[in-house]
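A short write-up of the structure that comes next.
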Amino acid sequence: VEFNLIKMRLFLVLTCLSVVASKVAETSCAISDSAKSVCGHVEINESSCLSLGCCYAKDDTKTTPSCFYGAIGTPGYELYNMVETATGFSGVLNLSGVGSTIYGKDITKLSVEVTFETADIARVKITDATNARWEVPESLIERPHATAKPASTNYKFSFTESPFSFELTRVSDGRSLFKLDNSFIFKDQYLQFATYIDAGATTFGLGESARLSQAIRSGTTHTLWAVDRTAMFFGQNMYGSFPYYLQMVNGTAHGAMLMNSNGMDIQLSDERLTFKPIGGIFDLYVFAGSSPAAVVDQYTQIVGRPMMMPYWSLGFHNCKYGYTGIKQVEEVVAGYAAAGIPLDTQWMDIDYMQNYKDFTLDSTNFPQ
């Protein structure tokens with residue numbers, strides 16, 4: 001009798017928990033399309049999505065995520081002790097609530113630093129307040145650092161303390177340059193943040209990938225993970241990784257760059273641009289523009305200007321993959337001369353390497 005009573009009590013408890021869980025899920029998933037923040041990987045199915053504790057509502061148009069965080073899925077952060085500094089603002093972010101265990105535990109305490117780099121460039125850096133994390137080394141990309149605020153800026157920075165979010169707007173026309181939504185996630189091996197975008201915006205950048213158009217279409221995901229392969233299929237990631245974009249809205253331009261070298265997915269919908277790196281920090285540069293040339297100028301102030309090309313590179317070049325040895329290359333060069341065709345540079349592909357390893361030479365087939 002006692003055993004049966006225990007089983008009955010356990011059954012009642014589990015039934016109550018099931019009812020509560022279903023009600024929570026029903027409530028948390030009943031959110032507007034504009035409030036949906038992507039959960040899981042690209043083309044995730046319903047069972048995998050639900051196993052992550054997320055909501056699923058298939059959208060064949062791909063304009064909104066089929067798998068998304070519910071209203072209680074991302075607790076967000078609260079801002080404390082935001083103070084003005086010589087170059088901008090600094091503060092502390094504390095995790096609101098328990099957080100989730102999807103992709104690991106949330107980092108509970110973050111530091112945020114806002115720097116007014118120039119009159120047209122703002123930087124927002126968020127990282128673990130306690131432990132050091134991987135950042136793009138300054139030795140690789142030497143960046144300018146402000147020592148004082150500009151006398152005036154062409155942008156305005158505003159923020160909300162709870163849940164934490166911020167927005168940068170252009171002073172001249174009030175245009176939103178970057179507006180962080182409050183579904184901000186920061187874990188050891190997973191970060192996620194999104195900015196609201198204007199419905200009429202045209203987005204460029206986020207390379208490198210093979211595309212039919214330079215403009216990025218809504219409902220697409222772009223993977224930034226550099227691989228050594230040519231453009232065989234549309235949409236595939238390729239040699240470079242550039243988490244930088246430029247947007248055109250009603251004839252004006254602005255842009256942003258995430259200084260993060262980790263692999264990431266970037267997803268564009270009609271209302272959001274979502275970044276999902278698998279490590280590193282949130283280190284964002286926002287460029288006020290307001291012309292495409294101005295945005296590129298501001299961007300290259302941070303990453304560096306292109307070098308002046310050498311004179312010899314302006315001439316005629318020849319290159320081919322598949323040379324079997326130096327003798328064949330010499331015959332090609334001689335053939336150009338015999339035909340009276342100018343040739344300033346003869347290239348070889350990876351054939352000259354020892355077992356295709358960089359910084360090596362195949363001493364057998366390319367002894368010279």
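Points worth noting:
- A single member of Thr153, Thr195, Thr169 is crowded, with 16+ Cβ neighbours inside 10 Å, in a loop (DSSP other than H, G, I, E, B) and of a type outside the set (Phe, Trp, Tyr), and it is Thr153.
- Test: Met238 is part of a loop (DSSP other than H, G, I, E, B), among the hydrophobic types (A, V, I, L, M, F, W, C) and either modelled with pLDDT under 95 or in contact with a Leu (Cβ under 8 Å, 6 or more places away or on another chain) (or both): no
- For beta carbons closer than 6 Å, sequence separation of 6+ or different chains, a first residue in region 229-243 that is of a type in the set (Ser, Thr, Tyr) and a second that is surrounded by 13 or more Cβ atoms within 10 Å (Cβ to Cβ) and at pLDDT 85 or above, the qualifying pairs are Tyr239/Glu208; Tyr239/Ala226; Ser241/Leu224; Ser241/Ala226.
- The residue that is surrounded by the fewest Cβ atoms within 10 Å (Cβ to Cβ), counting only those in region 73-95 that are at negative phi and assigned to a loop (DSSP other than H, G, I, E, B), is Ala86.
- Scanning region 309-340 for residues that are in contact with a Phe, Trp or Tyr (Cβ under 6 Å, 6 or more places away or on another chain) and either in a loop (DSSP other than H, G, I, E, B) or in the same structural domain as Asp228 (by TED's automatic domain parsing) (or both) yields one hit, Cys319.
- Only one of Phe178, Phe159 that is surrounded by 19 or more Cβ atoms within 10 Å (Cβ to Cβ) and either more than 18 Å from the chain's Cα centre (by Cα) or in the same structural domain as Gln298 (by TED's automatic domain parsing) (or both): Phe178
- Qualifying residue in region 63-72 (condition: surrounded by fewer than 14 Cβ atoms within 10 Å (Cβ to Cβ), within 24 Å of Ile197 (Cα to Cα) and under 23 Å from the mean Cα position of the chain (by Cα)): yes
- Scan of region 212-224 for residues that are touching a strand residue (DSSP E or B) at 6+ places or on another chain (Cβ under 9 Å) and part of a loop (DSSP other than H, G, I, E, B), ordered by number: Gln214, Arg217, Ser218, Gly219
- Residue ID - modelled with the highest pLDDT, chosen from residues in region 61-97 that are hydrophobic (A, V, I, L, M, F, W, C) and farther than 30 Å from Ala119 by Cα: Leu95
Yes or no, residue by residue, for (1) in the same structural domain as Ile185 (by TED's automatic domain parsing); (2) in contact with a Gly (Cβ under 7 Å, 6 or more places away or on another chain); (3) at pLDDT below 95:
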residue	(1), (2), (3)
His254	yes, yes, no
Met257	yes, no, no
Asn260	yes, yes, no
Gln267	yes, no, yes
Glu271	yes, no, yes
Lys276	yes, no, yes
Phe282	yes, no, no
Tyr285	yes, no, no
Ser291	yes, no, no
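- Scanning region 267-279 for residues that are under 12 Å from Ser37 (Cα atoms) and assigned to a strand (DSSP E or B) yields Gln267, Leu268, Arg272, Leu273, Thr274, Phe275, Lys276.
- Only a single criterion out of (1) at pLDDT 95 or above; (2) not in a loop (DSSP other than H, G, I, E, B) is not satisfied by Leu343, namely (2).
- Among the residues of this structure, Asp270 does not count as one that is of a type in the set (Asp, Glu), in contact (Cβ under 8 Å) with a residue 60 or more places away in the chain and either closer than 17 Å to Val124 by Cα or surrounded by 19 or more Cβ atoms within 10 Å (Cβ to Cβ) (or both).
- Each residue in region 346-368 was checked for being of a type in the set (Phe, Trp, Tyr) and outside any loop (DSSP other than H, G, I, E, B), and 1 pass.
- Of the residues making up region 200-213, those that are surrounded by 11 or more Cβ atoms within 10 Å (Cβ to Cβ) and either of a type outside the set (A, V, I, L, M, F, W, C) or within 24 Å of Phe178 (Cα to Cα) (or both) are Ala201, Thr202, Thr203, Phe204, Gly205, Leu206, Gly207, Glu208, Ser209, Arg211.
The values are calculated or read from the model by the stated rules, or taken from the named source; none is laboratory data. Just so it is clear, the model here is predicted, and its values are computed rather than measured. All Cβ positions, glycine included, derive from the backbone under ideal geometry; neighbour counts span all protein chains shown.
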